[in-house]
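Scroll down for the structure; my scribbles are underneath it.
The values are calculated or read from the model by the stated rules, or taken from the named source; none is laboratory data. All values reported here derive from a predicted model rather than from experimental measurement. Here the Cβ positions follow ideal geometry from the backbone for every residue, glycine too, while neighbour counts run over all protein chains shown.
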Amino acid sequence: MKIAFLSDVHANLEALLAVRKKLQDLHPEKIFFLGDIVGYGANPNECIEIIRELADFSIAGNHDWTAVGNSSAESFNPSARHAIDWTRDRMSAASIEYIDGLPLQKKTKFFLCTHATPENPQDWGYIFTDSDAAASFGHFAQPLCFIGHTHYPAIFTLRPDGDIDSDVPLHARLQKNCRYIINNGSVGQPRDGNAYASFGMLDTASSEYTLVRVRYDVETAQTKIIAAGLPHILAERLERGR
Ligand code: ZN
């Protein structure tokens, strides 16, 4: 079965439309969404509607949860806070109800999906480094954990001897005797220096994982952010992918 893992759309409709089009070519059997539909971008309600329709299941991210008042914006920087206040004022009743009903994690026999970390997902911790990953491998039982949140694609591998290493491969064949934490990057606000939208595809039959990058209309997304009165930095960073 081919499964697509999407994360961190951040109300960037142009990026999400480009990813949806790419998914039509790749035709995965399942699409899982790993959190943060809203925050930063100018089209929260439109993106919620698309994810609702597109994803077989969704979990909430910290921006989603903060927009509906389930988490505090305390740790947000000023532009993130500005954007979340702007978002909250514009979310429809249907959008709020949908986001408020999302779980924080999804478990199957083979993988755990969580926006931030497997442990204490509501604390919104980050997995950036091998030692961050080392602290998390003991908190899920499945071979695989799919995450978002950092907006940096990465595969953290726990080898049978206990060693952990990480890489950002475009293609990887997952080994049966290893366990993995996989970050699929961000659809709507990539931060790894590549401005293209990012998501992951897993073929469960061949154990092959692919990181997919998709070009999208960055300029329109930027124009909308500025027209909405959102901080200019949120528009500028889209073209830098930082
Ligand atoms: Zn995010």
Checklist entry - Filtering region 52-75 down to residues that are more than 15 Å from the ligand (Cβ to nearest atom) and of a type in the set (A, V, I, L, M), which residue is surrounded by the most Cβ atoms within 10 Å (Cβ to Cβ)? => result 68
Checklist entry - Which of the following residues is under 16 Å from residue 197 (Cα atoms) and modelled with pLDDT of 95 or more: 85, 36, 56, 64? => result 36
Next on the checklist: Considering only residues that are more than 19 Å from residue 202 (Cβ to Cβ), within 16 Å of the ligand (Cβ to nearest atom) and out of contact with any Pro (no Cβ under 9 Å at 6 or more places or on another chain), which ones fall in region 14-31?
Outcome noted: 16
Checklist outcome for this item: Among the residues of region 205-242, the number that are assigned to a loop (DSSP other than H, G, I, E, B), crowded, with 16+ Cβ neighbours inside 10 Å and in contact with a strand residue (DSSP E or B) (Cβ under 7 Å, 6 or more places away or on another chain) is 1
Checklist outcome for this item: Looking across region 169-193 at residues that are in a loop (DSSP other than H, G, I, E, B) and of a type in the set (A, V, I, L, M), the single one that is nearest to residue 238 (Cα to Cα) is 187
Checklist entry - Is region 98-115 home to any residue that is farther than 27 Å from residue 2 by Cα and in contact (Cβ under 8 Å) with a residue 12 or more places away in the chain? => result yes
Checklist entry - Taking region 37-51 as the search range and keeping residues that are in contact with a helix residue (DSSP H, G or I) (Cβ under 7 Å, 6 or more places away or on another chain) and β-branched (Val, Ile, Thr), which one is surrounded by the fewest Cβ atoms within 10 Å (Cβ to Cβ)? => result 50
Checklist entry - With respect to residue 157, is the statement that it is assigned to a loop (DSSP other than H, G, I, E, B) and out of contact with any helix residue (DSSP H, G or I) (no Cβ under 7 Å at 6 or more places or on another chain) true? => result no
Next on the checklist: Considering only residues that are out of contact with any helix residue (DSSP H, G or I) (no Cβ under 7 Å at 6 or more places or on another chain) and within 16 Å of the ligand (Cβ to nearest atom), which ones fall in region 105-115?
Outcome noted: 113
Checklist entry - On the given criteria, is residue 197 in contact with a helix residue (DSSP H, G or I) (Cβ under 6 Å, 6 or more places away or on another chain) and either within 13 Å of the ligand (Cβ to nearest atom) or not β-branched (Val, Ile, Thr) (or both)? => result yes
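Yes or no, residue by residue, for (1) within 26 Å of residue 118 (Cβ to Cβ); (2) free of Cβ contacts under 8 Å to residues at least 40 places away in the same chain; (3) of a type in the set (A, V, I, L, M, F, W, C):
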{"site": "170", "(1), (2), (3)": "yes, no, yes"}
{"site": "187", "(1), (2), (3)": "yes, no, yes"}
{"site": "190", "(1), (2), (3)": "yes, no, no"}
{"site": "201", "(1), (2), (3)": "yes, no, yes"}
{"site": "207", "(1), (2), (3)": "yes, yes, no"}
{"site": "217", "(1), (2), (3)": "no, no, no"}
{"site": "232", "(1), (2), (3)": "no, yes, no"}
Item to check | Residue count, region 97-121 (criterion: touching a strand residue (DSSP E or B) at 6+ places or on another chain (Cβ under 6 Å) and more than 19 Å from residue 143 (Cα to Cα)) | outcome: 1
